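Scroll down for the structure; my scribbles are underneath it.
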Amino acid sequence: MLMDSVFDENKAYNFDWSYLGDIRTGRENLGPQMPVSVYRLFEYTLRAVLQKNYKKEGCADILREAGRLAGREFCTHLLDSTLPPDQFIAQLSRVFIDMKIGVIRIESFDEKQLKGYMTLGEDLDCSGLPVTGETVCNYDEGFLSGILSCYFKKAVTAVEIDCWAKGDRICRFDIHRE
Ligand SMILES: [Zn+2]
């Protein structure tokens, strides 16, 4: 069957979880994992091209938007959104570790105000990067925003305030309502 058949022009984004494919069948011998350096090579070359074409802020916005879309899909397909907030966050931390995305810690979080601070250690995107004095985890900002917005069913934003690339050992996100 042609892949085009699952495209839906009415959807805001031309994405479907099925586009990730059947990795078990497709990579029978190589398996589902690969080195972080390959992921980063993809991410940082894509970032370089986006910056060339859309300038720095345009690039950051695109990465945030893609991250938000990914976060929503991640939440829908891999997380149980019927859990109460504390169990949902515990589940999120577990899945982030299982999938080797990073180590989530909640510094503070007010479930009613949807406000707080979250950190991500050993982050897939930036840990170990050269220090440039800037936060670089725009995709993560979107990713966390998408997950939290999907779960709480309200527009939530995560803004990175500390980052390895800024000289910190951990990424810290300010979570708040939009
Ligand atoms: Zn970071």
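Applying a threshold of 29 Å to the alpha-carbon distances of LYS100/LYS166; LYS11/LYS112; LYS112/LYS166 flags LYS11/LYS112; LYS112/LYS166 as lying beyond it. Placing unit charges on the Cβ atoms of the charged side chains and taking the dipole of the chain about its Cα centre, the candidate lying farthest along the positive direction among ALA155, CYS75, GLY31 is ALA155. Taking trypsin sites (Lys or Arg not before Pro) as exposed when their DSSP state is a loop state and no more than 16 other Cβ atoms lie within 10 Å, the longest site-free interval of the chain runs over 28-99.
How about region 56-111: which GluC sites (Glu not before Pro) there are in a DSSP loop, with at most 13 other Cβ atoms within 10 Å of their Cβ? Answer in residue order: GLU111. A rounded overall shape is assigned to the chain, the ratio a/c of its alpha-carbon gyration tensor axes (a ≥ b ≥ c) being less than 1.5.
Mean silhouette area of region 30-85, derived from the convex hull of its C-alpha atoms and averaged over all directions, reads 5.7 nm².
For region 36-177, the carbon plus sulfur part of the accessible surface works out to 57%, probe radius 1.4 Å.
Backbone N atoms of region 137-178 closer than 16 Å to the 7 Å Cα→Cβ label point of ALA12 belong to residues 142-158, 178.
Annotation: extensible slack from GLU43 through VAL159 equals 39.8 nm (criterion: 0.36 nm per residue apart, minus Cα-Cα distance). Across the chain, Cα pairs under 8 Å and at least six residues apart give a relative contact order of 20 percent. When +1 charges are put on Lys and Arg Cβ atoms and -1 charges on Asp and Glu Cβ atoms, the dipole computed for region 114-178 relative to its Cα centre reaches about 360 debye. Residues within the reach of a label modelled at GLU57 (point 7 angstrom out along Cα to beta-carbon, backbone nitrogen below 20 Å), restricted to region 149-171, are 157-161.
The values are calculated or read from the model by the stated rules, or taken from the named source; none is laboratory data. This structure is a prediction, so every number in the text was calculated from the model and none was measured. FYI the Cβ positions are ideal-geometry reconstructions off the backbone, even for glycines, and counts take in every protein chain you see. With ligands, DNA and RNA removed, areas are computed over all heavy atoms of the protein, side chains included. Shrake-Rupley method; radii C 1.70, N 1.55, O 1.52, S 1.80 Å.
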